[in-house]
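Only one structure is covered here, and it is reproduced in the block below.
The values are calculated or read from the model by the stated rules, or taken from the named source; none is laboratory data. Small disclaimer: the values here were computed from a predicted structure and weren't measured. Here the Cβ positions follow ideal geometry from the backbone for every residue, glycine too, while neighbour counts run over all protein chains shown.
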Amino acid sequence: MKHDQENEEFVMGRHPVVAALKSDSPVNKVFIQTGIKKDENIISEILKLARKKRLVISEVPKQKLDRLSASQNHQGVVLSVAAFEYATVDDLFANAKKQGIKPFFVILDNIEDPHNLGSIIRTADAAGVSGIIIPKHRAVGLTAVVAKTSAGAIERVPVARVTNLAATIKELKGRGMWVFGTDIEGTDYRRWDARGSVAIIIGNEGKGISPLIKKQVDEMLTIPMVGDIQSLNASVAASVLIYQGFNSRHPLTIK
């Protein structure tokens, strides 16, 4: 993940910190909680990676780590990095080429909860998604909370932030992609054939996909529900659909 040098962000938690140190991210400083056991495997790995990069390692009280992490669960380790920079749509297509697959994008229409975005990035990484597209306005961006929730996947999944989501979707379709949306009514998601160049849109936590974006969709998909609750958390719905895309692209061979 590239970074913008103008601002500073913090990566917290042991596994996200390891992932950041192993990436090409420009890291400024490592903060370790005073008194932490340095012989623990993962702490030892963090220190080894930090020394290899010749980073400043500061031992600080837990209270300072609490402040840096905004009281998130930092597990005794916080990394100071330059603020996250976004990929371009071209970068996402280039990543698909690098993966050796037809593009598989996830488009997020005004997702507001950073934990949802982080979870979706983590699932996207696990399922081999080529990239994620988010809007610049009225939506959460890449933050320390997102990085923490993604468990390091933010370093591996390119995220493009665009000014006009509808225009971007039109561009994707012009480049040969089929764009699918999610709604209460639509084709059963289990029938979705995602073997081509595809993008799946996940709507806002409360309002779903906006009317303007719905007009751009080639087909709507729905997740059947038989219980009293007729909607899923955005990150859960995204996970179900992303893995249907994965299943379609990697069918199980029964011997």
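Among the residues in region 159-178, are any within 23 Å of the chain's Cα centre (by Cα) and farther than 20 Å from residue 87 by Cα? Looking through region 159-178, at least one residue is within 23 Å of the chain's Cα centre (by Cα) and farther than 20 Å from residue 87 by Cα.
When the test is whether a residue is closer than 30 Å to residue 128 by Cα and at pLDDT below 90, residue 87 does not pass it. Can you find even one residue in region 187-194 that is in contact with a strand residue (DSSP E or B) (Cβ under 7 Å, 6 or more places away or on another chain), modelled with pLDDT under 90 and of a type outside the set (Ser, Thr, Tyr)? Taking every residue of region 187-194 in turn, none turns out to be in contact with a strand residue (DSSP E or B) (Cβ under 7 Å, 6 or more places away or on another chain), modelled with pLDDT under 90 and of a type outside the set (Ser, Thr, Tyr).
Report yes if residue 163 is under 24 Å from residue 243 (Cβ atoms) and either of a type outside the set (A, V, I, L, M, F, W, C) or out of contact with any Gly (no Cβ under 8 Å at 6 or more places or on another chain) (or both), otherwise no.
On the way: under 24 Å from residue 243 (Cβ atoms): no; either of a type outside the set (A, V, I, L, M, F, W, C) or out of contact with any Gly (no Cβ under 8 Å at 6 or more places or on another chain) (or both): yes.
Considered against the rule, which asks whether it is under 24 Å from residue 243 (Cβ atoms) and either of a type outside the set (A, V, I, L, M, F, W, C) or out of contact with any Gly (no Cβ under 8 Å at 6 or more places or on another chain) (or both), residue 163 comes out as no.
Somewhere in region 155-163, is a residue more than 18 Å from residue 95 (Cβ to Cβ), among the aliphatic types (A, V, I, L, M) and out of contact with any Asp or Glu (no Cβ under 8 Å at 6 or more places or on another chain)? The answer is no; no qualifying residue exists. When restricted to residues that are assigned to a strand (DSSP E or B) and of a type in the set (Ser, Thr, Tyr), region 221-234 contains 1.
Show me the helices (runs of 4 or more DSSP H) found entirely inside region 1-101 where at least 2 residues are surrounded by 12 or more Cβ atoms within 10 Å (Cβ to Cβ) and more than 21 Å from the chain's Cα centre (by Cα). Spell out the reasoning first.
Numbers: elements: 14-22, 41-52, 62-68, 89-99.
Hits in region 1-101: 41-52, 62-68.
Restricting region 226-251 to residues that are of a type in the set (S, T, N, Q) and without any contact (Cβ under 8 Å) to a residue 60 or more places away in the chain, which is surrounded by the fewest Cβ atoms within 10 Å (Cβ to Cβ)? Among residues in region 226-251 that are of a type in the set (S, T, N, Q) and without any contact (Cβ under 8 Å) to a residue 60 or more places away in the chain, the one surrounded by the fewest Cβ atoms within 10 Å (Cβ to Cβ) is 230. Being among the β-branched types (Val, Ile, Thr), out of contact with any Phe, Trp or Tyr (no Cβ under 9 Å at 6 or more places or on another chain), surrounded by 11 or more Cβ atoms within 10 Å (Cβ to Cβ) and modelled with pLDDT under 95 is a property that residue 223 lacks.
Scanning for something aliphatic (A, V, I, L, M) and surrounded by fewer than 22 Cβ atoms within 10 Å (Cβ to Cβ), does region 128-136 turn up at least one residue? No, there is no match, as no residue in region 128-136 is aliphatic (A, V, I, L, M) and surrounded by fewer than 22 Cβ atoms within 10 Å (Cβ to Cβ).
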